[in-house]
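Right, one structure below, let's go through it.
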Amino acid sequence: MKDIISAGLAQLGLADRVPDNASQQLAEYGRLLLEKNQVMNLTAIREEDKVARLHMLDCAALLCCTDFAGKRLIDVGTGAGFPGLPLKILCPELEVTLLDSLGKRVSWLNEVSGQLGLQGVTALHARAEEQGLVKGFRDSFDFATARAVADLRLLCELCLPYVKPGGAFLAMKSVDCEQELAGAAHCMKLLGGRLESCKDYTIPGTDITHRLVVIRKVSPTLKGYPRKWAKIQKEPL
């Protein structure tokens, strides 16, 4: 995995922008992921080369799109830690909160962060729609990220409340998300966001192209959002 990751970072133009041990740490993270995946469902990807490309390098590509140094990021619905943990490894100056609703995953993420010697990582067991109402989290982060397959309207309501005005919600989506973007226009505006850009990138070593949707936070999120999860699902904005 290390060689694949190292070559991919060079292809992305990131080799000189990340720590010398980044490829090694990402490979170790991948090893720990596959080891734990034998007893806990963390990823459907089980081959080392695919973990290196489809997880690590997919997340690494975000560094080509924005500057994370010295910023605060919350990764909403982080799952096995993507993209928050790879971004932390690649940009140690980034302060990362990994939020997930499953306690077992959060415990494992805390364990992995310790094994990798990472500082400035908080793994938090909470529901996104509830934690987004908490002082110190609401309108507080430079970035919120989501790599979930959920509809963008749902993701905006879960993620935008965390972002402070001037910050951005970074949604990792497929390149055929135009219909989602159009459908989420009202939702973005209502929650204080504005579509800033869509940045497409190809994962090194593959023919897979993904899209980073950058939604800029232009004003604080209105009181009352996010709503309860059942309401969000039943009546998307």
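Bear in mind that the values in this text are calculations on the coordinates, not laboratory data. Just so it is clear, the model here is predicted, and its values are computed rather than measured. Heads up, the Cβs are rebuilt from the backbone with ideal geometry, glycines too, and the neighbour counts pull from every protein chain shown.
Considering only Arg153, Arg53, Arg227, the mean-square fluctuation computed in a Gaussian network model of the chain, springs between alpha carbons under 10 angstrom, is largest for Arg227. If the Kirkwood radius is taken over C-alpha pairs of the stretch 174-237, then at 10 °C and 1.306 mPa s the Stokes-Einstein diffusion coefficient equals 117 µm²/s.
Do any GluC sites (Glu not before Pro) in the stretch 1-70 lie in a DSSP loop with no more than 16 other beta carbon atoms within 10 Å, and if so, which? Present the calculation step by step, with values, prior to reporting the outcome.
Details: sites: Glu28, Glu35, Glu47, Glu48; in loops: Glu47.
Listed in order of number, the matching sites are Glu47.
In the chain, the longest principal axis of the Cα atoms and the axis of helix 103-115 are about 40 degrees apart. When all alpha carbon pairs of the stretch 67-234 are counted in 5 Å bins from zero, the resulting P(r) reads 1, 9, 18, 22, 21, 16, 9, 3, 0 %.
Quick check: the distance between the Cα centres of the stretch 89-110 and the stretch 158-181, to the nearest angstrom? The stretch 89-110 and the stretch 158-181 have Cα centres separated by 20 Å. Positive-end ranking of Ala128, Thr43, Ala7 along the dipole of the chain, with charges on Cβ about the Cα centre, is headed by Ala128. Its alpha carbons considered, the stretch 88-135 gives a radius of gyration followed by a Dmax of 11.5, 32 Å. Legend: distances between Cα atoms for Lys2/Lys164; Lys2/Lys199; Lys36/Lys217; Lys88/Lys135; Lys36/Lys173; Lys50/Lys189; pairs beyond 32 Å are Lys2/Lys164; Lys36/Lys217; Lys50/Lys189. Calculated translational diffusion coefficient of the stretch 26-126 (25 °C, 0.890 mPa s; Stokes-Einstein with Kirkwood radius over alpha-carbon pairs) equals 182 µm²/s. In the chain, Cα pairs under 8 Å separated by at least six residues give a relative contact order of 17 percent.
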